[in-house]
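Asks: Here it is: the structure, laid out below.
The values are calculated or read from the model by the stated rules, or taken from the named source; none is laboratory data. Quick caveat, the model's predicted, so the values are computed rather than measured. For neighbour counting, all protein chains shown are included, and Cβ atoms are generated from backbone atoms with ideal geometry for every residue, glycine included. The area values use the complete protein model at the heavy-atom level, side chains included, leaving out ligands, DNA and RNA. Shrake-Rupley method; radii C 1.70, N 1.55, O 1.52, S 1.80 Å.
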Amino acid sequence: MKNLIQLFTIFFRIGLFSIGGGYVMLPMLKEEVVNKRKWLTDEEILDFYAIGQATPGIIAVNTATFVGYSQKGIAGSLSATAGIVAPSIIIITLISAFFTEFREVLIIQKAFAGIRVAVSVLLLFIVAGLIKKGAKYKTGVVIILAAFAGITFFKVSPVLIVAASAAAGIASGALRRKIIRQEKKL
Amino acid sequence: MIHFELFIMFFKIGLFAIGGGLATLPLLKEALLDSGRMSHGEFIDMVAISQATPGPIGINMATYAGFKAAGVTGGLIATAGIVTPSLIIIILIARFMQDYADNSIVKDALAGIRPAAAGMIAAAGLYIFGNSVVMFDLFPSAGWFSLKTAALFVLLGIFYLFKKGNPVFYLLAGAAAGIIFL
């Protein structure tokens with residue numbers, strides 16, 4: 001029960017501070033479940049995030065469901081998801097009930113412009129860490145560059161990128177095992 | 001009846017939106033704007049508010065549209081609708097991954113997916129950098145470079161390099177700096 005409440009509050013906080021899209025949650029997710037609580041490793045977060053992007057639904061919800069399930073099964077995935085949607089439900093209900101000219105409030109636009117700068121700083125450091133880890137072997141470097149170029153320059157769907165990189169992983173694994181087998185024979 | 005309709009409508013949107021909250025936009029446009037359920041102004045309001053408030057954009061839009069259609073329960077039911085496909089699909093995948101965690105093909109596939117995720121996150125980082133620090137495509141008439149945002153970027157970057165600390169601190173610092181200086 002304690003873990004379920006903890007999952008809810010962690011994802012409530014992430015929902016409350018992830019403004020402007022799913023990638024904003026990544027620095028906070030890493031801080032809460034990898035650095036602070038050691039529930040998951042960096043690699044597992046990457047798996048969840050990649051699969052969450054390539055499957056139907058909202059990335060933040062997919063990731064919350066994944067993390068919740070890994071900790072406490074179906075009950076865990078439900079409380080993590082409830083946590084990440086709760087701030088939205090409360091805030092949007094209040095805004096749509098009381099404000100009509102919200103988009104015109106200048107102070108909020110200014111705050112968000114500043115938040116976006118902070119997010120790019122946080123993402124810069126996350127990306128640097130990920131690339132350092134992934135670039136340890138050649139196939140990793142190729143896949144990082146291909147995925148980056150695919151999204152940035154060719155607008156390739158994340159589904160295709162995840163499917164192709166999974167296939168590349170399987171192929172290079174099979175090749176590696178074949179080489180090892182041949183070396184043993186020699 | 002309207003509640004049931006809302007649930008089905010947002011269940012479908014959750015099921016067909018792949019690639020994040022903004023992927024729900026064309027589906028929402030079809031379900032709300034093209035069907036005449038919302039006026040153009042209401043639709044623009046929904047998108048603007050959802051982008052500028054905390055929480056995943058897709059969830060914010062579902063809550064907003066549900067609330068406008070059927071009050072507080074409408075907001076709850078639309079949100080339940082949009083997250084249900086995620087819950088079902090991800091639980092199935094997570095279960096599969098647990099059962100086959102030691103399978104070499106699953107391991108190899110994940111070894112390929114991890115660097116791809118790193119590349120996709122780098123692309124997202126560049127995108128947000130291009131919309132906050134140097135304006136790649138927003139407001140081109142206002143100039144593509146803002147000294148203030150660049151200074152804030154460098155300042156926060158140097159601070160993070162030496163101090164690290166909780167990301168929430170940086171988000172709040174960014175908000176405060178935005179209100180005062182930008």
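Asks: Straight-line reach from A:K72: which lysines fall under 22 Å, measuring Cα to Cα and dropping same-chain residues less than 8 apart?
Replies: The reachable lysines, counting only those whose Cα sits under 22 Å from A:K72, are A:K2, A:K30, A:K36, A:K38.
Asks: Quick check: with the 1.4 Å probe, what order do B:Y127, B:Y100, B:Y170 take by accessible area, largest first?
Replies: Descending order: B:Y127, B:Y100, B:Y170.
Asks: Same structure again: When only Cα pairs under 8 Å and 6 or more residues apart are kept, what is the percent relative contact order across chain B?
Replies: Values: 135 pairs, mean separation 31.5, N = 182.
Rounded, it is 17 percent for chain B.
Asks: Something else now. Of B:H40, B:H3, which has the most accessible area with a 1.4 Å probe, and how do the rest follow in descending order?
Replies: B:H40, B:H3
Asks: How large is the direction-averaged shadow of the alpha-carbon convex hull of the protein assembly as shown, in nm²?
Replies: 19.9
Asks: Please name which of A:L123, A:G140, A:G73 has its Cα lying farthest along the dipole of the stretch A:73-144 towards the positive end, using unit charges on Cβ (Lys, Arg +1; Asp, Glu -1) and the Cα centre as origin.
Replies: Among A:L123, A:G140, A:G73, the one farthest towards the positive end of the dipole of the stretch A:73-144 is A:G140.
Asks: Enumerate the helices in chain B for which the Kyte-Doolittle hydropathy averages -1.0 or more and the C-alpha atoms extend at least 20 Å along the helix's axis, using complete DSSP H runs.
Replies: B:2-16, B:57-99, B:104-130, B:147-163, B:167-181
Asks: Oh, and also: Which angle from 0 to 90°, rounded to the nearest 10, does the C-alpha axis of helix A:42-54 make with the longest principal axis of chain A?
Replies: 70
Asks: Okay, next question. Return the average number of partner chain Cβ atoms within 10 angstrom of each residue Cβ along peptide A:140-153.
Replies: So the per-residue partner count for this stretch is 6.
Asks: What residue among B:G125, B:I105, B:G178 has its Cα farthest toward the positive end of the dipole of chain B, where the charges are +1 on Lys, Arg and -1 on Asp, Glu, each on the Cβ?
Replies: B:G178
Asks: From the alpha carbon gyration tensor of chain A, can you work out the equivalent ellipsoid semi-axes (sqrt of 5 times each eigenvalue) and give them in Å, largest to smallest?
Replies: 36, 21, 15
Asks: Roughly how many percent of the accessible protein surface of the stretch A:135-186 is carbon and sulfur, given a 1.4 Å probe and a whole-percent answer? All intermediate terms of the calculation are to be shown ahead of the outcome.
Replies: Values: 2710 of 3760 Å².
Summing carbon and sulfur atoms, their accessible area is 72 percent of the total for the stretch A:135-186.
Asks: Just to be sure I follow the rule: in the stretch A:135-186, considering lysines 8 or more places apart or on different chains, how many pairs have Cα atoms under 26 Å apart?
Replies: Qualifying lysine pairs in the stretch A:135-186: 6.
Asks: Enter the mean number of other protein chain beta carbons within 10 Å of the beta carbon of each residue in B:158-166, as an integer.
Replies: Mean inter-chain Cβ contacts per residue within 10 Å come to 2.
Asks: Another question, then. Give me D for chain B in µm² s⁻¹, whole number, from Stokes-Einstein with Rh from the Kirkwood sum over alpha-carbon pairs, 20 °C and 1.002 mPa s. Each step should come with its number before you reach the end.
Replies: Working: Rh = 19.6 Å.
Translational D for this selection: 109 µm²/s.
Asks: Oh, and also: So if I place +1 on the C-beta of Lys and Arg and -1 on the C-beta of Asp and Glu, and nothing else carries charge, what would the dipole magnitude of chain A be about its Cα centre? I want it in debye, nearest 20.
Replies: Taking the Cα centre of chain A as origin, the dipole is about 960 debye.
Asks: Let me know the longest stretch in chain A that avoids all trypsin sites (Lys or Arg not before Pro) found in a DSSP loop with at most 13 other C-beta atoms within 10 Å.
Replies: After excluding every exposed loop site, the longest remaining stretch is A:39-135.
Asks: Treating the angle as unsigned and between 0 and 90°, give the value, to the nearest 10°, between the Cα long axis of helix A:2-17 and the longest Cα principal axis of chain A.
Replies: Orientation of helix A:2-17: about 80 degrees from the principal axis.
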